[in-house]
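The values are calculated or read from the model by the stated rules, or taken from the named source; none is laboratory data. Note that the structure is predicted; figures quoted are calculated from it, not measured. No Cβ is skipped: glycine too gets one built from the backbone with ideal geometry, and neighbour counts run over all protein chains shown.
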Amino acid sequence: MNITIDKIEQESWKDSIIHSLDARIKLILTILIIVYTVYTTDFFVLLLLEIYVIILLLLSKISISYFVKRILMILPFGGFIAIFQPFIKEGLILYTLPFGLTVSYEGILFGTLLFSRLIVCLSAIVLLSSVTPLDSIVNSMRKLGFPKEMAMILSMTVRYLFVFFDELKNIRTSQKSRCFNIGSKKTSYSWRLKQIAYTIMMLFLKSFEKGETVYYSMLARAYNGEAISYKEESPIMKVDYGIIVLTLIIIFSSEIIRFNGFI
């Protein structure tokens, strides 16, 4: 999966009706979808939200394959929690496996619900990062009144992600110039694994050194946590309000239909 930070940033600068929305609106839209996704327990509602996100994706002219690849890259970090639910949640036992493992009906149901929620949340987050530059997300957080510490941490993270990515590319280039190939079968697996561990350690040390340098530079410039950042003023247009109203209509309609027992 050849997806880099530069590639993500390039996608966020495309021209489409979704890209042109105010960054604050896109951030609020993502938060609304995530909050309602975590709240609901109905699979039909989750399917409806996922379809809505996909429609926004098509309007944004983002490649479906790119979108799916990014979700698959993040999915394992939370997917394992859902996978283990059938084995650890008590309930009606459907299967008994070796070593005393049991598969419960309630576990399968809850695991499927967690996995569905994860898919919808990741889809919303990937869509946001694909149609909004990272610095715009940070500025939107400041304008919406998020804690300044959170905005500052995210701002620093955004800035130095690219720096660390360049450092990693330099390390990989140095390794390739010395004929080191991770996928090569000519060397033992344990030796390759050791070299990967060295790479991670080297990147960590470089990150730690960079963090100290930046911290002392900020102290030298009398930084005390009260820095005022430039906020570009941009009016919210009718189409921005329209997308939020549409999202709220979908959420409230789904809740009313679910409450009345139609689904």
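Are any residues in the stretch 46-92 out of contact with any helix residue (DSSP H, G or I) (no Cβ under 8 Å at 6 or more places or on another chain) and of a type in the set (Val, Ile, Thr), and if so, which ones?
Ile51, Ile55, Val68
Consider Phe180 against the criteria (1) touching a helix residue (DSSP H, G or I) at 6+ places or on another chain (Cβ under 9 Å); (2) in a helix (DSSP H, G or I); (3) surrounded by fewer than 17 Cβ atoms within 10 Å (Cβ to Cβ); (4) not assigned by TED's automatic domain parsing to the domain that holds Leu48: it satisfies all of them except one. Which criterion is unmet?
Tallying (1) touching a helix residue (DSSP H, G or I) at 6+ places or on another chain (Cβ under 9 Å); (2) in a helix (DSSP H, G or I); (3) surrounded by fewer than 17 Cβ atoms within 10 Å (Cβ to Cβ); (4) not assigned by TED's automatic domain parsing to the domain that holds Leu48, Phe180 fails exactly one: (2).
Yes or no: Asn260 modelled with pLDDT under 75, of a type outside the set (D, E, K, R) and exposed (fewer than 10 other Cβ atoms within 10 Å of the Cβ)?
On the way: modelled with pLDDT under 75: yes; of a type outside the set (D, E, K, R): yes; exposed (fewer than 10 other Cβ atoms within 10 Å of the Cβ): yes.
Considered against the rule, which asks whether it is modelled with pLDDT under 75, of a type outside the set (D, E, K, R) and exposed (fewer than 10 other Cβ atoms within 10 Å of the Cβ), Asn260 comes out as yes.
Looking at (1) under 14 Å from the mean Cα position of the chain (by Cα); (2) under 29 Å from Val214 (Cα atoms); (3) of a type in the set (Lys, Arg), which is the only condition Arg117 fails?
So Arg117 meets the others, but not (2).
What residue, of Phe164, Phe146, is under 29 Å from Ser16 (Cβ atoms), surrounded by 11 or more Cβ atoms within 10 Å (Cβ to Cβ), aromatic (Phe, Trp, Tyr) and at pLDDT below 80?
Just a single option satisfies the conditions, and that option is Phe146.
So which pairs qualify, if the first residue must be in the stretch 24-40 and more than 18 Å from Ile51 (Cα to Cα), the second must be aromatic (Phe, Trp, Tyr), the Cβ gap must be under 9 Å, and the two must be at least 6 apart or on different chains?
Listed pairs, sorted by first residue: Ile25/Tyr241.
Can you list residue pairs whose Cβ atoms sit under 7 Å apart, with the first residue in the stretch 237-257 being at negative phi and the second being at pLDDT below 85? Count only pairs 6 or more apart in sequence or on different chains.
From the stretch 237-257, the pairs are Ile257/Ile263.
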